[in-house]
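Chemist: If you scroll down you'll find the structure; I have some questions about it.
The values are calculated or read from the model by the stated rules, or taken from the named source; none is laboratory data. From a predicted model like this one, the values you see are computed outputs, not experimental measurements. Ideal geometry is used to build each Cβ from the backbone, glycine not excepted, and the neighbour counts take in all protein chains shown. The protein model used for the area step is the full one, side chains on, heavy atoms only, and it has no ligands, DNA or RNA in it. Shrake-Rupley method; radii C 1.70, N 1.55, O 1.52, S 1.80 Å.
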Amino acid sequence: MLLGLIMLLAVGVSAKDTSWEMTEIGGVKYVSLNRMWKFYRLSTKTGRAGCISYGDQHHVVSIRPEKQDFYVNNYRYILSYPIRRHHDKLFISAIDVKKLVDPVLRPTRLKSRNAVKTIVIDPGHGGHDAGATSPWAREATCNLAVGLKLKAKLERAGYRVVMTRSTDVFLTLGQRVAIANRTPDSIFVSIHHNSGRRAASGIETFTLAPQGTTSPFARTRLNDELQGNEQDSENIALATAVHSRAIKSTKAIDRGIQRARFSVLCTITRPAILFEGGFVSNPEEGRLISTDSYREKLANSIYEGIVAYIRTVGNGNGLKARNTRTMGSGSVQGGSSIHGGSTYRGTTRL
Ligand SMILES: [Zn+2]
């Protein structure tokens with residue numbers, strides 16, 4: 001009940017509108033997908049093959065029953081809980097509506113009170129910690145190369161940048177987080193590259209799993225008790241802005257925007273993402289990652305994503321934006337998009 005009320009308030013529906021009814025499935029609070037489509041004024045679209053798709057002029061949302069994938073404008077997200085079929089109707093978890101769907105479909109509602117003043121760039125690993133290595137690439141070196149390019153682009157555009165490291169030195173995860181946490185009005189972008197099976201490839205972006213959800217990348221019993229960083233919505237908006245541009249620019253496989261409880265994400269108090277720019281362990285991608293032109297593409301996508309995020313969410317106009325919005329009709333106009341253009345042909349791009 002309490003969650004229901006928080007949910008109603010969070011998505012801006014009049015409390016009198018009882019149609020956001022909660023249905024408990026497997027111990028998780030769910031809401032009807034039909035109600036969600038209606039609330040966001042999304043209507044049936046032809047979308048991704050094999051998916052049920054709804055959309056408006058800015059977005060096409062695609063889902064599949066019993067699956068945890070969720071696509072917006074053909075970019076992949078991993079829901080905290082799968083879509084469920086229940087008494088012949090489809091349901092999505094309430095926390096996914098609040099912490100993923102709403103900030104992604106209506107990023108302009110998120111406007112933070114304080115403008116983003118500094119970008120903290122964190123090239124992962126370094127020094128004796130090489131990160132992932134392969135015959136084609138050393139992760140720590142790739143992370144730093146992309147990070148330094150990103151720094152140059154941001155500074156050229158007039159943004160203030162703090163690097164957790166600018167050379168090949170080792171820092172603990174705690175030291176990296178401490179730098180971001182003591183930098184006021186900052187956002188945190190950790191840059192990594194992946195390693196896995198030889199065939200594995202593609203880009204993925206991690207944000208902290210919201211409090212109370214389980215994370216496939218959490219390894220402790222504290223999973224459900226660990227706090228979110230109070231930036232769940234900002235995290236997903238920042239991830240969307242960066243990830244979508246990186247996929248579009250590199251045409252790499254989209255492994256999705258995923259939730260995790262990596263320690264670097266758990267203790268940070270700023271909007272934060274951990275970006276994985278490809279697999280050093282994949283012969284083809286590993287070679288690409290070692291080229292200056294590919295690193296340039298990655299840095300440019302992250303740069304453009306950060307700028308789009310700041311323009312949409314982090315420009316400090318939050319109070320004004322909140323006060324001018326009308327509520328209570330049970331349905332609110334969809335906002336603009338912070339995706340880097342759709343990879344799905346036929347949808348409108350912003
Ligand atoms: Zn790494």
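Chemist: Quick one: in segment 142-164, which of the residues that are among the charged types (D, E, K, R), assigned to a helix (DSSP H, G or I) and within 17 Å of ILE310 (Cβ to Cβ) is most open to solvent (accessible area, probe 1.4 Å)? First the steps, then the outcome.
Modeler: As a first pass, look at segment 142-164 and keep what is among the charged types (D, E, K, R): 149, 151, 153, 155-156, 160.
With assigned to a helix (DSSP H, G or I) added as a condition, the list becomes 149, 151, 153, 155-156.
Applying the additional criterion that residues be within 17 Å of ILE310 (Cβ to Cβ) yields 151, 153, 155-156.
Working: LYS151: 57, LYS153: 25, GLU155: 82, ARG156: 184 Å².
Among those that are among the charged types (D, E, K, R), assigned to a helix (DSSP H, G or I) and within 17 Å of ILE310 (Cβ to Cβ), it is ARG156.
Chemist: Considering THR108, THR133, which residue is surrounded by fewer than 24 Cβ atoms within 10 Å (Cβ to Cβ), under 20 Å from LEU274 (Cβ atoms) and not hydrophobic (A, V, I, L, M, F, W, C)? Show your work before the answer.
Modeler: Working: THR108 fails: under 20 Å from LEU274 (Cβ atoms).
The conditions single out THR133.
Chemist: Further question on the same structure: Name the residue that is least open to solvent (accessible area, probe 1.4 Å), counting only residues in segment 118-130 that are within 16 Å of the ligand (Cβ to nearest atom) and aliphatic (A, V, I, L, M).
Modeler: Kept after step one, since they are within 16 Å of the ligand (Cβ to nearest atom), are these residues of segment 118-130: 121-130.
Within this subset, residues satisfying the condition of being aliphatic (A, V, I, L, M) are 121, 130.
Numbers: ILE121: 0, ALA130: 24 Å².
Here the answer is ILE121.
Chemist: Give me a count of the residues in segment 79-88 that are open to solvent by 30 Å² or more (accessible area, probe 1.4 Å) and touching a residue at least 12 places away in the same chain (Cβ under 8 Å).
Modeler: Within segment 79-88, residues that are open to solvent by 30 Å² or more (accessible area, probe 1.4 Å) and touching a residue at least 12 places away in the same chain (Cβ under 8 Å) number 4.
Chemist: Residue check, ALA115 against (1) of a type in the set (A, V, I, L, M, F, W, C); (2) under 17 Å from HIS339 (Cβ atoms); (3) open to solvent by 20 Å² or more (accessible area, probe 1.4 Å), all met but one. Which one?
Modeler: (2)
Chemist: I need a count of the residues in segment 248-279 that are within 16 Å of the ligand (Cβ to nearest atom), over 16 Å from the mean Cα position of the chain (by Cα) and not polar (S, T, N, Q).
Modeler: Of the residues in that region, 2 qualify.
Chemist: While we're here: Filter segment 131-149 for residues that are under 17 Å from VAL120 (Cβ atoms) and within 16 Å of the ligand (Cβ to nearest atom) and give the result.
Modeler: The initial filter retains those residues of segment 131-149 that are under 17 Å from VAL120 (Cβ atoms), namely 143-144, 146-149.
The answer is ASN143, LEU144, VAL146, GLY147.
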